[in-house]
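In what follows, a single structure is set out as structure tokens and then discussed.
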Amino acid sequence: GNGPGRGTAVITRTKPKTKKPSLYRVLILNDDYTPMEFVVHVLERFFQKDREAATRIMLHVHNHGVGECGVYTFEVAETKVSQVMDFARQHQHPLQCVMEKK
Ligand code: TYC
């Protein structure tokens, strides 16, 4: 359209301005040393899973090597990964947590 003033061309936005945020999966990886109960606790504490869901995810990771803890926007996913990695390190477990774009 035309903006203020005669003969002043102005580009107007046609699309809505809002964009869906990219989503990221947070994954945990299996290892041979982290206790099963510790992984269940991580899923309860940082991913708001109940004991049944946490146990199911932990066993899936134990049997398949990797599993999904949740799907979040970038900043939330980054925070979860850091929290889990710090917590595992504090307890001297080698548990690995990563994020990937959906
Ligand atoms: N494999 C581990 C064990 O046998 C348990 C485990 C499950 C470790 C899930 C990590 O993300 C993991 N103690």
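Summary of computed values
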item: Any pair with Cβ under 8 angstrom, 6 or more apart, that starts in the range 27-56 at a residue that is at pLDDT 95 or above and ends at one that is crowded, with 17+ Cβ neighbours inside 10 Å and in a loop (DSSP other than H, G, I, E, B); result: Ile28/Leu95; Leu29/Leu95; Asp31/Leu95; Thr34/Leu95; Phe38/Leu95; Val39/Leu95; Val42/Leu95; Leu43/Lys49
item: The range 62-91: number of residues that are in contact with a His (Cβ under 9 Å, 6 or more places away or on another chain) and assigned to a helix (DSSP H, G or I); result: 1
item: Residue within the range 13-22 that is touching a residue at least 12 places away in the same chain (Cβ under 8 Å), of a type in the set (Ser, Thr, Tyr), over 16 Å from Leu95 (Cβ atoms) and in a strand (DSSP E or B) present; result: no
item: Test: residue in the range 39-49 that is among the acidic types (Asp, Glu) and outside any helix (DSSP H, G or I); result: no
item: Subset of the range 52-66 that is more than 11 Å from Asn30 (Cα to Cα) and more than 16 Å from the chain's Cα centre (by Cα) - its residue that is farthest from the ligand (Cβ to nearest atom); result: Glu52
item: Extreme residue, nearest to the ligand (Cβ to nearest atom), among residues of the range 38-51 that are β-branched (Val, Ile, Thr) and closer than 11 Å to Cys69 by Cβ; result: Val39
item: Residues that are over 23 Å from Lys102 (Cα atoms), exposed (fewer than 15 other Cβ atoms within 10 Å of the Cβ) and near the ligand (Cβ under 8 Å from one of its atoms), drawn from the range 25-37; result: Asp32, Tyr33, Pro35, Met36
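The values are calculated or read from the model by the stated rules, or taken from the named source; none is laboratory data. Because the structure is a prediction, the values reported are computed rather than measured. Because the Cβ atoms are built from the backbone with ideal geometry, glycine has one as well, and the counts that use them run over all protein chains shown.
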